[in-house]
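**Q** Here it is, the structure, as structure tokens.
The values are calculated or read from the model by the stated rules, or taken from the named source; none is laboratory data. Here the structure is a predicted model, which is why all the values come from computation and not from measurement. A quick note on method: Cβ atoms are made from the backbone with ideal geometry, for glycine too, and the neighbour counts reach across all protein chains shown. The protein model used for the area step is the full one, side chains on, heavy atoms only, and it has no ligands, DNA or RNA in it. Shrake-Rupley method; radii C 1.70, N 1.55, O 1.52, S 1.80 Å.
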Amino acid sequence: MKHLFVLLLVCLAVSSVPAQSQDISIAAKAYLLSDFQTGQVLAGQNADERIEPASLTKLMTAYVVFSAIKQKQIALDQPVPVSESAWRMIGSRMFIEPSKQVTVEELIRGMIVQSGNDACIALAEAVAGSEASFANLMNKEAGRLGMKNTHFTNSTGLPDPEHYTTAHDLTLLATAIIRDFPEFYPHYSQKEYTYNNITQPNRNRLLWIDPHVDGMKTGWTKTAGYCLITSAIRDKRRLISVVIGAKSANARSIESQRLLNYGFQFYDTLHLYKKNDSLTTIHLWKGTQNELKAGFDRDVYFTLPKGQGDKLKATMEYKQPLIAPVQLGQEVGTVKFTLDDKTVETYPLVALEKVDTANFIGRAWDSVKLLFN
């Protein structure tokens, strides 16, 4: 008969600040604040409602371009032909010209810093041949990243009834850029860029106001309103805020700053366990050894209200008898984290070593012992 063994682990707090219970109201159509490390949502409203992304679209354009560079489909120093459609593109531009050579790297800076629609078209054509084909790649990546309520029809963010997303999906995208392409992320903190003898500032005003802010992207159309995705890092903690449909450029900056300050002031991110650290040993039957080291196959972080860390508890469950062979990384149980008797998250407990089956005598002896266990 299999038995369920339960072990209660107490997780210690890293902050002695009294527990806080704070509410925040943001003047925008939708917003979301999340912790980059844990992905946990700290505040939000209308985060899953369909919105028009405007130039926030260019985060996905960048993601697809970065992927193409990583896969060596294009190169940073590669010259890109400027088509008439790119040259004549309406809206914000970096002012590329058919008669003047421009490289992929210059186009990336023009897209990110200057929000150039012409740069987006040129990059889309360089990667996929046409903007329509490039939009298909954008949608493919959106699906892979779990952006379930998103659909793109263009690379620029110009309005289209079938071009939409949500604050939640944009958070997934912003997180993916920082996580997957750290070598390109510094572009998002560049305050200005000069191309064709024209210098344009980054429209993200928080880059000048808050030294902790290092990205990411502004957006605006008449129907979308003023939008801003911001990322900031303080004391090794990174937060991402998404503000959609503010009333003005100044308002989107103010509301984004309020969201970030709220998250940094009232929440802590706890690093509870490190990947591959031994959390416990489990008795193992019919193996070349009698005990198995078990732990997590990832670093375990939690973002909690300040002062709540000492209330977080971890309950480890595993079944006995556990019989060899056991493979490295094999799931051998679960660890459930609870706060005030509510489940916060459950992680698999995995084997941190490989253990082969014992010889005939060892297996036979354990079989006898199991009869009386």
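**Q** Would you pick out the residues in region 343-373 that are among the β-branched types (Val, Ile, Thr), part of a strand (DSSP E or B) and without any contact (Cβ under 8 Å) to a residue 60 or more places away in the chain?
**A** Residues satisfying the conditions are THR343, VAL344, THR346, VAL350.
**Q** Another question about this same structure. Filter region 324-373 down to residues that are under 30 Å from the mean Cα position of the chain (by Cα), within 15 Å of LYS293 (Cα to Cα) and among the hydrophobic types (A, V, I, L, M, F, W, C) and give me whichever is surrounded by the fewest Cβ atoms within 10 Å (Cβ to Cβ).
**A** Restricting to residues being under 30 Å from the mean Cα position of the chain (by Cα), within 15 Å of LYS293 (Cα to Cα) and among the hydrophobic types (A, V, I, L, M, F, W, C), the top hit is LEU328.
To keep it simple, each residue is scored yes or no on (1) within 26 Å of GLU345 (Cβ to Cβ); (2) in contact with a Phe, Trp or Tyr (Cβ under 8 Å, 6 or more places away or on another chain).
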| residue | (1), (2) |
| --- | --- |
| LEU207 | no, no |
| MET216 | no, yes |
| THR221 | no, no |
| ILE244 | no, yes |
| ASN250 | no, no |
| LYS275 | yes, yes |
| LEU279 | yes, yes |
| LEU292 | yes, no |
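**Q** Among (1) modelled with pLDDT of 95 or more; (2) under 19 Å from THR175 (Cβ atoms), which single condition is GLY39 missing?
**A** Of the numbered conditions (1) modelled with pLDDT of 95 or more; (2) under 19 Å from THR175 (Cβ atoms), the odd one out for GLY39 is (1).
**Q** Right, something else. Would you tally the residues in region 48-63 being outside any loop (DSSP other than H, G, I, E, B) and open to solvent by less than 10 Å² (accessible area, probe 1.4 Å)? Write out each step before concluding.
**A** We begin by selecting, within region 48-63, every residue outside any loop (DSSP other than H, G, I, E, B); these are 51, 54-63.
Subsequent filtering for residues that are open to solvent by less than 10 Å² (accessible area, probe 1.4 Å) retains 54, 56-63.
Going through region 48-63 one residue at a time, the tally reaches 9.
**Q** Restricting attention to region 164-195, which residues are out of contact with any helix residue (DSSP H, G or I) (no Cβ under 8 Å at 6 or more places or on another chain), within 17 Å of THR218 (Cβ to Cβ) and assigned to a strand (DSSP E or B)?
**A** Within region 164-195, GLU192 is the sole residue that qualifies.
**Q** So how many residues does region 262-289 have that are of a type outside the set (Ser, Thr, Tyr) and under 17 Å from ALA324 (Cα atoms)? Spell out how you get there, then give the answer.
**A** To start, the set of residues in region 262-289 that are of a type outside the set (Ser, Thr, Tyr) comprises 263-266, 268, 270-272, 274-277, 279, 282-287, 289.
Cutting the leftovers down to under 17 Å from ALA324 (Cα atoms) gives us 282-287, 289.
Result for region 262-289: 7.
**Q** Given (1) touching a residue at least 12 places away in the same chain (Cβ under 8 Å); (2) under 24 Å from ALA176 (Cβ atoms); (3) open to solvent by 30 Å² or more (accessible area, probe 1.4 Å); (4) charged (D, E, K, R), identify the lone condition not met by LYS72.
**A** In the conditions (1) touching a residue at least 12 places away in the same chain (Cβ under 8 Å); (2) under 24 Å from ALA176 (Cβ atoms); (3) open to solvent by 30 Å² or more (accessible area, probe 1.4 Å); (4) charged (D, E, K, R), LYS72 misses (1) alone.
**Q** Additional query: Mind listing just one residue for me: the one in region 137-172 that is among the charged types (D, E, K, R) and over 15 Å from TYR63 (Cα atoms) and, of those, surrounded by the most Cβ atoms within 10 Å (Cβ to Cβ)?
**A** Initially, region 137-172 is screened for residues among the charged types (D, E, K, R), giving 140-141, 144, 148, 160, 162, 169.
Going one step further and asking which of them are over 15 Å from TYR63 (Cα atoms), we end up with 148, 160, 162.
Numbers: LYS148: 12, ASP160: 14, GLU162: 9.
Out of the qualifying residues, it is ASP160.
**Q** With the requirement that a residue be open to solvent by 100 Å² or more (accessible area, probe 1.4 Å) and over 26 Å from LEU173 (Cα atoms), what does region 78-96 give you?
**A** PRO81, GLU84, ARG88
Matching residues to (1) over 24 Å from ASP160 (Cα atoms); (2) of a type in the set (Phe, Trp, Tyr); (3) in contact with a strand residue (DSSP E or B) (Cβ under 7 Å, 6 or more places away or on another chain):
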| position | (1), (2), (3) |
| --- | --- |
| PRO81 | yes, no, no |
| GLN101 | yes, no, yes |
| GLU105 | yes, no, no |
| MET111 | no, no, no |
| CYS120 | no, no, no |
| ALA124 | no, no, no |
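**Q** Another one. Based on what the data block shows, is THR199 among the β-branched types (Val, Ile, Thr) and open to solvent by less than 10 Å² (accessible area, probe 1.4 Å)?
**A** no
**Q** While we're here: Where in region 98-163 are there helices (runs of 4 or more DSSP H), lying wholly inside it, with at least 2 residues that are free of Cβ contacts under 8 Å to residues at least 40 places away in the same chain and closer than 20 Å to ALA176 by Cβ?
**A** Details: elements: 104-112, 117-128, 131-144.
In region 98-163, 131-144 are the helices (runs of 4 or more DSSP H) which contain 2 or more residues that are free of Cβ contacts under 8 Å to residues at least 40 places away in the same chain and closer than 20 Å to ALA176 by Cβ.
**Q** Checking the conditions here, which among ARG205, ARG252, ARG237 is open to solvent by less than 40 Å² (accessible area, probe 1.4 Å) and farther than 18 Å from ALA167 by Cα?
**A** ARG237
**Q** Among the numbered criteria (1) among the polar types (S, T, N, Q); (2) modelled with pLDDT under 95; (3) within 21 Å of LEU33 (Cβ to Cβ), which single criterion is violated by ASN196?
**A** (3)
**Q** In addition: In region 312-322, which residues are touching a Ser or Thr at 6+ places or on another chain (Cβ under 9 Å) and either more than 22 Å from PHE266 (Cβ to Cβ) or open to solvent by 40 Å² or more (accessible area, probe 1.4 Å) (or both)? Talk me through it step by step, then tell me what you get.
**A** First pass over region 312-322, keeping only residues touching a Ser or Thr at 6+ places or on another chain (Cβ under 9 Å): 312-318.
Passing the criteria: LYS313, ALA314, THR315, MET316, GLU317, TYR318.
**Q** A further question on this structure: Which number in (1) of a type in the set (Phe, Trp, Tyr); (2) under 19 Å from GLY215 (Cβ atoms); (3) modelled with pLDDT under 95 marks the one condition that PHE264 misses?
**A** (3)
**Q** From the list ASP299, ASP277, ASP268, which one is over 30 Å from PHE360 (Cα atoms), touching a Gly at 6+ places or on another chain (Cβ under 8 Å) and surrounded by fewer than 19 Cβ atoms within 10 Å (Cβ to Cβ)?
**A** Selected residue: ASP277, the only one of ASP299, ASP277, ASP268 that is over 30 Å from PHE360 (Cα atoms), touching a Gly at 6+ places or on another chain (Cβ under 8 Å) and surrounded by fewer than 19 Cβ atoms within 10 Å (Cβ to Cβ).
**Q** List, please: which pairs have Cβ atoms under 6 Å, are six or more places apart or on different chains, and start with a residue in region 259-284 that is of a type in the set (Val, Ile, Thr) and end with one that is outside any strand (DSSP E or B) and buried (at least 17 other Cβ atoms within 10 Å of the Cβ)?
**A** The qualifying pairs are THR269/GLN37.
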